[in-house]
1. From the alpha carbon gyration tensor of region 31-82, can you work out the equivalent ellipsoid semi-axes (sqrt of 5 times each eigenvalue) and give them in Å, largest to smallest?
2. Using +1 at the Cβ of each Lys and Arg and -1 at the Cβ of each Asp and Glu in the chain, identify which of L87, M73, A104 lies farthest towards the dipole's positive end.
3. Lysines within cross-link reach of K19: Cα-Cα under 23 Å, excluding same-chain residues under 8 positions apart?
4. If I model a spin label at D25 and R71 as a point 7 Å from the Cα along the Cα→Cβ vector, what separation in nanometres do I get?
5. Just to be sure I understand the model, the point goes 7 Å from the Cα along the line to the Cβ. What's the resulting D60 to S102 distance in nm?
6. Need one number: % antiparallel among DSSP beta bridges in region 5-112, to the nearest 5.
7. Give me the percent relative contact order of the chain, please, defined on Cα pairs under 8 angstrom at least 6 residues apart.
8. What is the magnitude of the charge dipole of the chain about its Cα centre, with +1 placed on the Cβ of each Lys and Arg, -1 on the Cβ of each Asp and Glu, and no other charges, expressed in debye to the nearest 20?
Amino acid sequence: MAGRRSTTTQPEVGLCTGKDCRRADGFRTVQRELSSACTVIELPCLDVCDGALVVVSPRDEPVVIERVRNRAMALEIVDHVVNDAPLPGRLRKRRLGGSKRSKALRRLDRAL
């Protein structure tokens, strides 16, 4: 289901698997929906929890989205990643910025 380096042609998304993110409402649903269409890279705790935390395009220009908690949000991320659809407004509002984003990206670099 997940791995550090992908050999598939599926798009990749990162999913924080720290204990707080795993406990978040809907984590398993989000994980299942993302893995149905994408290669899910299980990331260690990114330490900016307001989980579940999803990293879109983890190897290019990462977008870190917090509080992804239901199937509809996971499907919107899949649509964005697979079909290059724009992120809907509610997901754009949940993108991390500033120091929290910088911290998450530093930890992401170490994990990959």
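1. Working: eigenvalues 51, 36, 21 Å².
For region 31-82, the semi-axes come out at 16, 13, 10 Å.
2. A104
3. The reachable lysines, counting only those whose Cα sits under 23 Å from K19, are K100, K103.
4. With each label placed 7 Å out from Cα toward Cβ, I get 1.6 nm.
5. Reported label-point gap for D60 and S102 is 2.5 nm.
6. Details: 7 of 12 bridges.
Of those bridges, close to 60 percent are antiparallel.
7. Values: 198 pairs, mean separation 31.5, N = 112.
Dividing the mean separation by the residue count of the chain yields 28 percent.
8. On the way: 22 positive and 14 negative charges, 88 e Å.
Computed charge dipole of the chain: roughly 420 debye.
Laboratory data are not the source of any read-out in this text; all were calculated from the coordinates shown. Keep in mind the model is a prediction, meaning the values are calculated, not measured. Don't worry about glycine lacking a Cβ; one is built from the backbone with ideal geometry, like all the others, and counts go over all protein chains shown.
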